[in-house]
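S.K.: This is the structure I have questions about; it appears just below.
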């Protein structure tokens, strides 16, 4: 896991572990993380969305770098032909 999202992940786990879903219903944090139930506090929902956006940003950044390198390769190759 990248360092930029690690703090968010830790906060999300802490928030979910204190929720009714985990404490009251005795469910796992993983099960509760995907819930859209009223037993999940709005703070946890906000952390989940922020963490998701952080991870999505990393994936988009990686795919952009790959596409950019392929694009440059194609440009260089077309000029040499």
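S.K.: Could you please rank 26, 55, placing first whichever residue has the fewest other Cβ atoms within 10 Å of its Cβ?
M.R.: Fewest to most other Cβ atoms nearby, the residues stand as 26, 55.
S.K.: Quick one: 22, 45, fewest Cβ neighbours within 10 Å first, how do they rank? Don't skip to the end; give the middle numbers.
M.R.: On the way: 22 20, 45 15.
Least to most surrounded, the residues fall as 45, 22.
FYI, it's all coordinate maths here, none of it is from the lab. Note that the structure is a prediction, hence the values are computed from the model and not measured. For neighbour counting, all protein chains shown are included, and Cβ atoms are generated from backbone atoms with ideal geometry for every residue, glycine included.
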